[in-house]
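Scroll down for the structure; my scribbles are underneath it.
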Amino acid sequence: QGIDLEVQATSVRNDFNVFLNLAELVGLSAVLVVGYLLVTGGEVELGAATAAALYFLALFGPMGALLYRIDELQDAGASLARLFGVIQLPSPRPRDVVAPPRRGAIEVDRLGFGHREGQGQRDLDTVSLTAMPGEVIAVVGASGAGKTTLARVLAGALPIGTGAVRHDEAAIEDWHPHDLREAVVMLSQEPHVFAGSVRDDLALFTDADEERMRTVIARLGADWILALPEGLDTAIGEAGHPLTPGQSQHLALVRVALTDASVVILDEATAEAGSADAEMLDGAALAAIGGRTGIVIAHRLSQAVSADRILVMHDGRVVQSGTHAELVAAPGPYAALWAAWTAW
């Protein structure tokens, strides 16, 4: 629905721009024709006719600026509506049960989910998988196959439609939201750089001291952080020291590595990296998982090679499962994807 509304808004803006340009063309043409007739008839001076044309053109600058201001106001209104939506969310229930010991085991049994269930469209259809504690599973597939939806359901960001999801043998809906956020951490392909110092950014979800921060930074090969003008005290964010997309993702991976979560979900977390940063960030992503259970939504097949197991998704279903060597040797979608990847 949000995409449809955005398309409609864009269509209205484009139609208005066409109307505005057409009005400018017709109006200016009329001013020039009338000015020509008046000048040739001796009714006005050439300078007066020229000034009239220029004044007419000047009208459209503010009108165009007003159009873009209205667009910004619409975006601000949508953001304000989302903010009020968050405020109006019900408070989490009291912790009435003790959270199960966190080992990182995941069980998914015939999971189904659809953003448009009423229209018969399902993003996930009878998906089943099991992840043992410490196992790293890569999920690959074409765009729209359901990979991100699966990741969001596993992280608790989307509700279960049908089937079941269990973390450490407890149904995901039975977990207290605070406990689930501590047990499962998810990093998307658009990591946010929080305003403040690097130290504040890294300590946002953990109470790690400087020694641990430096240890993790070294383990993930992010020594560039310590080389910033003021090291961990360097101000970053919108008004701070600028970071490249690759550096922003690297910083987010360090933040993930510092958490105590037992499950790490990386949803194309290195997608924005350029070719120069890709290999480094792929290694940092594995280091950030660090022996914990990992679900890696891979946009580059090189990320899948080192996984313990690979799931291939198509149209919301898991169509293949196995190690890289097993899937490459067997005819199927993964072998075709790998052939296209290596040929490129």
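For the reader, a short list of remarks on this structure follows.
- Given +1 at the Cβ of Lys and Arg, -1 at the Cβ of Asp and Glu and no other charges, the dipole of the chain around its Cα centre is 640 debye to the nearest 20.
- For the options His314, His241, His250, a Gaussian network treatment of the chain with springs between C-alpha atoms closer than 10 Å singles out His241 as fluctuating the most.
- Largest mean-square fluctuation among Val33, Val127, Val136, in a Gaussian network model of the chain whose springs join Cα atoms under 10 Å apart, belongs to Val33.
- Computed over the chain, Cα set: Rg, Dmax in Å: 27.5, 94
- The eigenvalues of the Cα gyration tensor, multiplied by 5 and square-rooted, give the range 2-87 an equivalent ellipsoid with semi-axes of 43, 13, 5 Å from largest to smallest.
- In this rough spin-label picture, where each label sits 7 Å from Cα along the Cβ direction, the Leu73-Asp315 distance is 4.7 nm.
- The range 231-344: antiparallel DSSP beta bridges as a percent of all, rounded to 5: 45
- Among Gly144, Gly27, Gly163: highest mean-square fluctuation, GNM of the chain, C-alpha pairs under 10 Å: Gly27
- Rounded tilt (10° steps) of 2-40 against the dominant C-alpha axis of the chain: 20
- Between 0 and 90 degrees, the angle of helix 60-87 with respect to the longest Cα principal axis of the chain falls at about 30 degrees.
- Estimated FRET transfer efficiency when R0 is 56 angstrom, pair Asp207-Ala164 (beta carbons, to 0.05): 0.95
- In degrees, nearest ten, helix 46-58 long axis to first principal axis of the chain (Cα): 20
- Computed P(r) (all Cα pairs; the range 289-344; 10 Å bins; percent): 22, 58, 19, 2
- Legend: calculated FRET efficiency, Thr323 to His241, from the Cβ-Cβ distance at R0 = 35 Å, rounded to 0.05, equals 0.25.
- Note on Ala227 and Asp200: their simple-model spin labels are 2.6 nm apart, each label 7 Å out from Cα toward Cβ.
- For the chain, adding -39500 (n - 2.57) for each run of n ≥ 4 DSSP H residues and dividing by the number of residues yields -15000 deg cm²/dmol at 222 nm.
- Length gained on full extension, Ser302 to Arg82, computed as 0.36 nm times the residue gap minus the Cα-Cα distance: 75.5 nm.
- Computed FRET value (nearest 0.05) for Val98 with Ala339, which takes r as the C-beta separation and R₀ as 41 Å: 0.25
Each reported figure results from applying straightforward, stated rules to the coordinates on display, with no laboratory input. All figures in this text were calculated on a predicted structure; none of them were measured in a lab. Methodologically, a virtual Cβ is constructed for each residue, glycine included, from the backbone with ideal geometry; neighbour enumeration extends over all protein chains shown.
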